[in-house]
Structures are given as structure tokens and as C-alpha cells.
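The values are calculated or read from the model by the stated rules, or taken from the named source; none is laboratory data. Since we're looking at a predicted model, the values are computed, not measured. Positions of Cβ are generated from backbone atoms using ideal geometry, with glycine treated the same way; all protein chains shown enter the neighbour counts. For accessibility, only protein heavy atoms count, side chains too; no ligands or nucleic acids. Shrake-Rupley method; radii C 1.70, N 1.55, O 1.52, S 1.80 Å.
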Amino acid sequence: HLEAGGRRSEAIRHRIRAAEAAARMYALAEALAQYDAAIADGASGIEAFRIQSQRIDICRNRGDDSGRQAALAAMAQLAAASDDASMQVELTVKQAVDHFEHDRYDAALQTAQRALDRLRGRIDAVSEAALLLELGATLKALGRIDEAEAHLSVALERYRDTSPLKLANCAYWLCQCAIERGDLVRAHELCELSLAATARADYRRGHALSLAVCADISARRGDLAGAVERLESACQEARDIR
């Protein structure tokens with residue numbers, strides 16, 4: 001109604017709320033359509049930046065790499081026009097994850113490290129933890145386990161009372177480090193922490209991934225029935241969010 005009445009700028013917040021509601025129900029195509037409508041209505045600045053950030057997550061879940069790259073480019077353009085350090089952190093995290101998930105580990109590491117060096121003193125401890133998390137995950141992928149655990153342990157403690165989603169991610173990667181070391185007891189504890197945190201955050205993608213890792217740990221410990229049960233749950237979660 002606002003759009004039909006020529007009041008498009010007032011419609012933006014309603015389009016965003018509709019997109020968020022659709023995303024919570026995993027109606028991903030609908031969520032994208034609502035975000036696109038908000039952009040068409042004139043969303044700009046930090047509002048447009050946040051929309052593009054959400055579009056990246058949706059495209060990632062849908063396996064839409066071209067859409068993801070377009071949203072990343074839009075985020076970078078918006079961040080370049082601002083001196084907001086929080087925008088730089090969020091952009092860096094999205095860029096590092098994109099590099100990581102395309103097996104460009106050196107690029108992921110450089111992206112996160114350069115941002116940490118550049119922004120240190122301009123961001124708070126929790127924002128810094130977001131960069132430490134990406135560094136830790138990438139260092140683990142590169143086989144630099146000691147360094148990975150050092151970064152991830154700091155980030156985990158900073159997120160313990162602030163962000164269950166980020167806490168889950170830290171626990172997940174520390175779990176991977178523990179598996180690499182052959183410490184399956186510690187790996188199991190960390191995987192259970194990740195599962196509890198993803199459930200608390202209602203982050204079903206992360207929950208599915210943690211279930212799959214827990215299944216791997218169960219199999220390594222000889223609990224094949226438990227492994228199968230966790231894998232079946234992981235598959236169901238994955239189906240539901242696609």
C-alpha cells in the first residue's frame with residue numbers, strides 16, 4: 001500500500017521485516033524477493049549493506065554462487081563509501097568465508113589478518129573476535145593447529161555470553177582441531193557445545209554441520225548406531241533448510 005501510494009521509502013522497513021520472517025521459515029526465494037523489493041524502494045547506506053549481507057547468507061544456503069558474488073560486490077561498494085569500522089568487519093568476514101569455501105585459504109587468511117591489523121584500536125573485543133574466528137578456522141584448514149587453537153580459544157570466551165551463533169562456530173572449529181590431535185573426548189565435548197549453541201541460536205545450517213561432525217566422532221569411538229542416528233538427523237536438517 002505504501003508503494004502504491006508513492007511512499008516507497010516508508011515501505012522499506014516492512015519489506016525487510018517480511019524478508020526476515022520468510023528467512024526464518026526457510027522460504028528463501030520469498031526472502032530474496034522481499035530484500036530485492038527493499039533495494040528497489042531505495043534502501044541505501046548501512047540499511048542496504050545489511051540487506052546485501054543477508055542476501056549472501058541466503059544465496060549460500062541455496063548454492064547460488066553468482067548471487068552471492070553480486071551481493072559481496074555490492075557490500076564492498078557500500079563499505080568503501082563509509083568509514084564505519086563495523087561495516088569493514090562484517091565485509092571482511094563475508095569475504096574470508098567466501099575465500100575459505102572456495103578453497104582459497106591463503107586469500108582468506110590474508111583478508112582476515114589485514115583487516116585485524118588495520119582495524120585494531122577501532123573495534124571492540126567482540127568485533128575483533130569475529131576476525132579471530134575466521135583466522136582460526138583458516139589456520140586449522142592450513143594445518144597450523146597451535147595457532148588456530150590460540151585464536152579460536154580467545155574468540156570462544158568473548159562469545160560465550162554474547163553470541164550463541166558465533167560461540168557455536170568457535171566450538172565447531174576447536175572440535176576439528178581436537179579431532180586432528182586425536183583427542184576424541186575433547187572433540188566430543190566441543191561438538192556438544194556447538195550443538196547446544198546452534199540450537200539456542202536456531203541456526204539450522206550450523207546445527208546440521210555439527211551433527212555430521214558428532215556422527216564422525218561417534219564412528220571413530222566405535223558407536224556406529226549413534227553415528228547413524230546423528231547423520232540421519234543432519235540429513236533431515238539439511239533437507240529442511242533447502
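Among the listed options (i) 1.81; (ii) 1.08; (iii) 1.00, the one matching Cα Rg over 2.2 N^0.38 Å as calculated from these coordinates is (ii).
I need the calculated FRET efficiency for the pair Glu47 and Ala196, taking r as the beta carbon distance and R₀ as 45 Å, to the nearest 0.05.
Working: r = 33 Å, r/R0 = 0.74.
Rounded to the nearest 0.05, the efficiency is 0.85.
Overall shape: oblate for the stretch 25-104, with the ratio a/c of the largest to smallest alpha carbon gyration tensor axis at 1.5 or above and b/c at least equal to a/b.
Using a probe of 1.4 angstrom and keeping all protein chains present, the accessible surface of the stretch 98-223 works out to 47 square angstrom per residue. Listed values for the stretch 135-144 are Karplus-derived 3J(HN,Hα) couplings in whole Hz (6.51 cos²θ - 1.76 cosθ + 1.60, θ = phi - 60°), namely 4, x, 4, 6, 4, 4, 4, 8, x, 9, and x replaces Gly and Pro.
A simple charge model with +1 on the Cβ of Lys and Arg, -1 on the Cβ of Asp and Glu and nothing else charged puts the dipole of the stretch 154-209 at about 180 debye relative to its Cα centre. Each residue was assigned an accessible area with a 1.4 Å probe, and for Leu109 the value is about 30 Å². Here the contact order of the stretch 26-72, divided by its residue count and restricted to Cα pairs under 8 Å and six or more residues apart, works out to 34 percent.
Apply the a/c threshold of 1.5 to the C-alpha gyration tensor of the stretch 161-242 and tell me whether it is rounded, prolate or oblate. The shape class here is oblate. Annotation: Arg200 carries an accessible surface of approximately 150 Å², with a 1.4 Å probe and no ligand, DNA or RNA atoms counted. For the chain, give the percent of accessible area contributed by carbon and sulfur heavy atoms, probe 1.4 Å, rounded to a whole number. For the chain, the apolar C and S fraction of the accessible surface comes to 49 percent. Think of the stretch 1-137 as a dipole: +1 on every Lys or Arg Cβ, -1 on every Asp or Glu Cβ, centred on the Cα centre; then among Ala96, Ile46, Gly63, Ile46 lies furthest on the positive end.
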